[in-house]
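The values are calculated or read from the model by the stated rules, or taken from the named source; none is laboratory data. Everything numeric here is computed off the predicted structure, so don't read it as measured data. Positions of Cβ are backbone-derived with ideal geometry, glycine not excepted, and every protein chain shown enters the neighbour counts.
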Amino acid sequence: MDDLAGFLRTRRSRVDPAAVGIPTDSRRRVEGLRREEVAHLSGVSVDYYVRLEQGRATQPSEQVLDALARVLGLDETERGHLYRLARQRRRPAKAPGGRLRPELLRVLDLVADAPALIMNHRLDVLAGNRLAGLLYGRPIPGLNIARHIFLDEAEQGLYADWDACTLDVVGHLRLAAGKHPDDPRLASLIGELAMGSERFRRLWARADVRARTHGRKAYRHPLVGVLELHQENFALPEESGLELIVLSATPGSPAEDGLRLLTGLGADTDAAHDPLKAQVHRHDPLKAQVHE
């Protein structure tokens with residue numbers, strides 16, 4: 001799914017020669033650095049670097065990887081990805097399972113005022129609280145965020161920053177492919193996305209990697225309008241590849257009002273489908289909370 005040779009080629013093509021002290025002129029036709037320039041700046045032989053990009057040299061030393069990361073201007077996430085790709089054949093990572101402890105599900109239920117969900121490295125949503133289901137407007141189990149964003153055209157309007165979301169998703173899947181190169185379900189998902197989305201194919205070819213742990217997330221909900229939320233990702237201990245994701249609203253913000261309204265609309269829908277609950281809501285709000 002991913003390899004060291006391809007990653008080196010894409011990173012090399014993005015380095016501005018002038019930024020590393022190499023003069024350029026109008027006759028230069030190579031985008032980024034030439035192979036021999038990377039080799040010279042990294043302190044390795046041209047032959048060895050060529051073999052790296054051709055996939056014929058394996059297990060480069062940490063000194064070589066450090067030098068390549070410096071010359072190619074890799075950030076922390078890209079540097080970690082480079083090291084994983086270089087060590088793939090030595091220590092393949094086992095793909096994590098999908099079983100959730102009951103204690104984790106109870107934690108989700110404790111988050112009452114914000115959408116919260118548990119997701120694996122393939123972006124499968126394994127569980128979510130009630131407000132997460134209301135936000136996405138569908139049952140949470142079985143939802144895959146990558147398919148939802150790239151393949152479900154009817155739902156793409158939910159993401160107010162769709163372009164940015166696609167970058168995040170592809171960057172995340174690139175990292176996952178580097179960590180779990182032997183995961184057949186991940187490989188199948190990537191193939192499905194490549195077959196069904198031209199934008200995914202273009203972004204995947206760039207080989208960008210992203211590790212997003214927090215940041216703004218905006219949704220355009222059909223019932224309550226735009227929700228400007230803040231996303232926090234919490235890696236779950238002893239659950240490799242699983243994350244708890246909470247989407248919170250700033251206190252006093254329109255988004256907080258929107259989530260409150262969405263919760264109320266969901267309660268009305270629940271009551272409409274449960275006559276007993278509707279009767280309890282009408283006569284005793286406290287008992288209605290207990291009943292729920």
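Structure data summary
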quantity	calculated
Complete set of residues in the range 125-174 that are at positive phi and either modelled with pLDDT of 95 or more or surrounded by 16 or more Cβ atoms within 10 Å (Cβ to Cβ) (or both)	none
Residue within the range 195-208 that is more than 30 Å from T250 (Cα to Cα), among the acidic types (D, E) and loosely packed, with under 13 Cβ neighbours inside 10 Å present	yes
Elements of type strands (runs of 3 or more DSSP E) in the range 108-222, at least 3 residues being within 29 Å of D75 (Cα to Cα), of a type outside the set (A, V, I, L, M, F, W, C) and within 17 Å of the chain's Cα centre (by Cα)	214-221
Positions within the range 11-24 being in a helix (DSSP H, G or I) and exposed (fewer than 15 other Cβ atoms within 10 Å of the Cβ), in sequence order	A18, A19
Given (1) at pLDDT below 80; (2) of a type in the set (V, I, T); (3) farther than 19 Å from D3 by Cβ, index of the condition V20 fails	(1)
Scan of the range 55-69 for residues that are assigned to a helix (DSSP H, G or I) and either farther than 20 Å from D16 by Cα or in contact (Cβ under 8 Å) with a residue 12 or more places away in the chain (or both), ordered by number	E62, Q63, V64, L65, A67, L68, A69
Residue count for the range 70-89, restricted to those that are assigned to a loop (DSSP other than H, G, I, E, B) and under 19 Å from R206 (Cβ atoms)	4
Residue within the range 134-148 that is over 27 Å from E256 (Cα atoms) and not assigned by TED's automatic domain parsing to the domain that holds L265 present	no
Any chance G258 is touching a strand residue (DSSP E or B) at 6+ places or on another chain (Cβ under 9 Å), in a helix (DSSP H, G or I) and either modelled with pLDDT of 95 or more or of a type outside the set (V, I, T) (or both)	yes
Set D47, D66, D25: member being under 23 Å from R87 (Cβ atoms) and over 33 Å from the mean Cα position of the chain (by Cα)	D47
